[in-house]
Amino acid sequence: MSQYPDARFLKSANARSQFVADTGTEVAVAGRSNAGKSSAINVIVNRRQFARTSKTPGRTQLVNFFELRDGQRLVDLPGYGFARVSDSTRRHWGELLAEYFESRHSLAGLILIVDIRRRLRDYDRQMIAFAESVGLPIHILLTKADKLKKGQAAAAVLEVRKELGDRATAQQFSALKRQGEQEAREVLERFLAAHS
């Protein structure tokens, strides 16, 4: 049973003028195109195919707004880094993301999806910097933890936490094994509650 029985897709936006009204509270989810962002969203919301998954990285090319409950939203940001798109599209995404972070008063936190095997890359650090510039709390889901042995996964989490210091929190996560789903959901709820 989903904690969000009334969750629904609201709209996709390709420009600031298309964003939903800046009221209530929203939490953004971002990550490299091949880090398992849609799968993570589906597990946290506990709804299959809520955010559409694809074998082709970079399918999320717009800012997608989902309502979790009345006045509370989850925002799926365009996947970055790996998607096969033109330079002009990539530039547009960068501008769209900058506008999103700078303009949204309802934005309460960022959940960043990072493949545990890859650790933090420059694009991830850029997203952290975006969020920090507007004072957002950040939580990192180190996805695909099932692909590593337990000791390797634990070491990866330690390494990422050491780099981040107190700038963000981080946890192991596996959409396949549903590992870390409760912790991730609690963080989402905490971000939503802190702003309301």
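Taking all Cα pairs closer than 8 Å and separated by 6 or more residues, the relative contact order of the range 8-195 comes to 25 percent. Since only Val187, Val27, Asn42 are under comparison, the one whose Cα sits farthest along the positive direction of the charge dipole of the chain, derived from C-beta charges on Lys, Arg, Asp and Glu, is Asn42.
Here the peptides 26-33, 163-170, 94-101 are ranked by packing, the mean other Cβ count within 10 Å, and the order with the highest first is 26-33, 94-101, 163-170. The charge dipole of the chain, taken about its Cα centre with unit charges on the Cβ of Lys, Arg, Asp and Glu (plus for the first two, minus for the last two), comes to roughly 980 debye.
Among beta bridges from DSSP that stay inside the chain, the antiparallel ones total about 35%. Within the chain, all pairs of alpha-carbon atoms sorted by distance into 5 Å bins from zero give the percentages 1, 8, 17, 22, 23, 17, 9, 3, 0, 0. Contact order for the range 118-196, expressed relative to its length and based on alpha carbon pairs under 8 Å spaced 6+ residues apart, stands at 30 percent. In this calculation the C-beta distance from Arg119 to Glu189 is compared with R0 = 22 Å, giving a FRET efficiency of 0.25. Estimated purely from DSSP H runs of n ≥ 4, each contributing -39500 (n - 2.57), the mean residue ellipticity at 222 nm for the chain is -11000 deg cm²/dmol once divided by its residues. Lys-Lys pairs in the chain that are eight or more residues apart or on separate chains and whose Cα atoms lie under 24 Å of each other come to 20.
Values quoted throughout were computed directly from the atomic coordinates according to the rules given, and no laboratory measurement underlies them. Bear in mind the structure is a predicted one, so any value in this text is a computation, not a measurement. Positions of Cβ are backbone-derived with ideal geometry, glycine not excepted, and every protein chain shown enters the neighbour counts.
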